[in-house]
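K.L.:
Before I ask anything, let me first share the structure, which is written out below as structure tokens.
Every number here is computed from the coordinates shown, using simple stated rules; none is lab data. Computed from a prediction, not measured in an experiment: that's the story for all the values here. A quick note on method: Cβ atoms are made from the backbone with ideal geometry, for glycine too, and the neighbour counts reach across all protein chains shown.
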Amino acid sequence: MKHDFKDGLGHVSAHKHPNGQGWVANTAQVADSAYIGPNAIVCDNALVYDNAKVFGTAQVYGNARVSGNARVFGHALVWGNALVSGTAQIFGNTKVYENAQVYGTARVFGNARVYGYAHIYVSIDFDCDFDPWIIMQDILNKKDELPTLIGRHPYLDKIIHNILQKD
């Protein structure tokens, strides 16, 4: 069976995923436990595994990976070497690409763009219209989550240790 993913490669070998009936290129890998909705696509060398779900008109392509209980839906696009995992949710018109990682309990939505080497991993809702200083203050006020951030960056470690010592 062949399908045109509208990526300039024309019709390529593909199949409908048994769990959801979405199109999957034969070059991509999707676990049987994953769900690919009827209007979603996974192509190129993308990987979707565990209990991840891709639905709506969402697309996962390139070398992108979606795993765990992550959800990619709406008109969201995930590509390049991007990673979406944990219980993260990517939806709306969001684009996650290049080497970006969205994981943990993060939710990224609206017209947000996550790219480069960005990592979003805490339970903060990100949209395209956010003030990073307010978001940072919100993160720093979640003292029960701060220890999970230690070891990511020496400067951040110093800030976290100072905050935790004040209590």
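K.L.:
What percent of all Cα-Cα pairs in the stretch 7-79 falls into each 5 Å bin, going from 0 up to the bin containing the maximum distance?
P.N.:
4, 20, 34, 30, 9, 2, 0
K.L.:
Suppose only helical runs count, i.e. DSSP H with n ≥ 4. What mean residue ellipticity at 222 nm does that imply for the chain under -39500 (n - 2.57) per run, divided by all residues and rounded to the nearest 500 deg cm²/dmol?
P.N.:
Rounded to the nearest 500, it is -4000 deg cm²/dmol.
K.L.:
When the C-alpha atoms of the chain are aligned to their principal axes, what extent does each axis show, in angstrom, from largest down?
P.N.:
Principal-axis extents of the chain (Cα, largest first): 62, 29, 22 Å.
K.L.:
Can you tell me the FRET efficiency between residue 12 and residue 63 if r is taken as the Cβ-Cβ distance and R0 is 22 Å, rounded to the nearest 0.05? Before the final figure, lay out the partial values.
P.N.:
Working: r = 16 Å, r/R0 = 0.74.
For R0 = 22 Å, the calculated efficiency reads 0.85.
K.L.:
Please count, across the chain, the pairs of lysine residues with Cα atoms under 20 Å apart that sit 8 or more places apart or on different chains.
P.N.:
Going through the chain pair by pair, I get 10.
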